[in-house]
Amino acid sequence: GHITSTSLNRLSIAMAFAQRRSLSAFSLAVLVIIGQVSVWCFAGASLQAPLRRLTARSSGVSVSQVTTEVRGEEGTNNYRLFFLANDKEISPWHDLPLASEVEGEYFMVTEIPKNTKPKMEIATKESLNPIAQDTKKGKLREYHGPIYWNYGYLPQTWEDPEIEHPELKVKGDNDPVDVVEIGSRAREQGEIAKVKVLGALAMIDDGELDWKILAISTDDPMAAQLSSVNDVESKLPGYISGIREWFRWYKSPDGKPLNSFGFDEQPVDTTGAIEVIEETHGYWKKLRETGHGGLWVG
């Protein structure tokens, strides 16, 4: 349930190198991750898969009808990416479908394409929940190094900040459930992908539970070979530990403590991840009925 001896060796080498080169803590973390997963990240980057137009059953909005519209200038506080269906504004949190027609496959909205740094996220308190760049003290936020996976969220989910996890003893982070999509192609910001759930990491960030669903897009060349975290460990060894270490370290350059992970730092399996999705979908249903703390629910 801990970092492997190989990872520790890589960490020791990276620390020595970082000290000689005066690298930041985040650069150190990136060195560790690159040592584990760069072959897959960059060798796979050339694999291109065509977009597929997907239609969900059990939702009033068809994914194939959804378009996006940029308002404001990119790289400014005014930038927003809005979502429309048949030219009508919709919320990408509340109006898009969660489940697809295939069991274990769900729709993910891409906030941050892989190999980019701007920290984009759904604006949960703004009307219609567009995607915007996160700010801190009025300044636009960026990661200190690129994220190596497509990052987004599952519509119609919510991590309830009033509910304590019975084992981990922490409450939800008040956001939709996050997804780390490990496919080879960089998705577009706002792109909706159908993903196969592989597992999940129970990240604890500043005392809050912040699940990271591990998934791969169903149109990725590797999708047919991956159905579980065991498959990922077998075919992409070190990949999950690379994801975990990236999320452990990414706030450290800002003076924040390292993030931790529940369940002895091991990912839960596909069944456990789907249980998380179903549970947070239930919390979302309650949110739509009662509201919470300024969140925009339509």
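How large is ³J(HN,Hα), in whole Hz, for each residue of the range 217-233 in order, when computed from phi with the Karplus curve 6.51 cos²θ - 1.76 cosθ + 1.60 and θ = phi - 60°, using x for Gly and Pro?
Whole-Hz 3J(HN,Hα) from phi for the range 217-233: 4, 5, 9, 7, x, 8, 4, 5, 8, 10, 9, 7, 5, 5, 4, 5, 4.
Give, rounded to the nearest 20 debye, the magnitude of the charge dipole that the range 91-220 has about its Cα centre when Lys and Arg contribute +1 at Cβ and Asp and Glu contribute -1 at Cβ.
For this selection, approximately 620 debye.
Put a dot 7 Å past each Cα toward the Cβ at N230 and E289; how far apart are the dots in nm?
In this crude spin-label approximation the distance works out to 3.8 nm.
Roll a 1.4 Å probe over the protein chains and send me the accessible area per residue for the range 104-252 in Å².
32
Using protein chains only and a probe of 1.4 angstrom, how many square angstrom of H144 are accessible, to the nearest 10?
Per-residue accessible area (H144): approximately 90 Å².
In nanometres, what is the gap between the two model label sites at L84 and E142, each 7 Å from Cα along Cα-to-Cβ?
Here the answer is 3.0 nm between the modelled labels.
Keeping the other protein chains in place, figure out the carbon and sulfur percent of the accessible area of the range 113-226, with a 1.4 Å probe.
45
Counting only residues 5 or more places away or on other chains, whose amide H sits under 5 Å from the amide H of K114 once H atoms are built in the peptide plane?
N150, Y151, R187
Can you pick out the pairs among K169/K194; K125/K285; K196/K256; K119/K171; K139/K256 whose Cα atoms lie more than 21 Å from each other?
Listed pairs above 21 Å: K169/K194; K196/K256; K119/K171.
Once phi is turned into θ = phi - 60°, what whole-Hz ³J(HN,Hα) does the Karplus curve with 6.51, -1.76 and 1.60 give for every residue of the range 91-102, x standing for Gly and Pro?
Rounded to whole hertz, the list is 8, x, 8, 9, 9, 6, x, 8, 8, 8, 7, 10.
What is the set of long-range amide H partners of Y79 at a cut-off below 5 Å, with H atoms built 1.01 Å from backbone N?
E73
Mind checking the dipole of the range 181-298: about its Cα centre, +1 per Lys or Arg Cβ, -1 per Asp or Glu Cβ, Debye to the nearest 20?
Computed charge dipole of the range 181-298: roughly 240 debye.
Report, by chain and number, residues whose modeled amide H sits under 5 Å from the one on I90, excluding near sequence neighbours (fewer than 5 apart, same chain).
F83, L84, A85
What percent does the relative contact order of the range 62-122 come to when contacts are Cα pairs within less than 8 Å and at least six residues apart?
21
I want the local charge near K88. Using Cβ-Cβ distances under 12 Å, sum +1 for each Lys or Arg and -1 for each Asp or Glu among the other residues.
Once positives and negatives cancel, what remains is -4.
Taking θ as phi - 60°, what are the ³J(HN,Hα) couplings along the range 145-153 by the Karplus curve (6.51, -1.76, 1.60), each to the nearest whole Hz, with x for Gly and Pro?
x, x, 8, 9, 9, 6, 10, x, 8
Using mean Cβ contacts within 10 Å as the protection proxy, how do 270-279, 174-183, 255-264 order, highest first?
Ranking, from highest mean packing down: 174-183, 270-279, 255-264.
With every protein chain present, what accessible area does V297 have (1.4 Å probe, heavy atoms only), rounded to the nearest 10 Å²?
About 30 Å², rounded to the nearest 10.
On a full-extension model of 0.36 nm per residue, what is the gain between E73 and D206, subtracting their alpha-carbon distance, rounded to one decimal in nm?
Answer, rounded to one decimal: 44.7 nm.
The values are calculated or read from the model by the stated rules, or taken from the named source; none is laboratory data. Everything numeric in this text was worked out from a predicted model, so none of it was measured. Every residue, glycine among them, receives a Cβ derived from its backbone with ideal geometry; neighbour counts consider all protein chains shown. Surface areas here come from the heavy atoms of the whole protein model, side chains and all, with no ligands, DNA or RNA. Shrake-Rupley method; radii C 1.70, N 1.55, O 1.52, S 1.80 Å.
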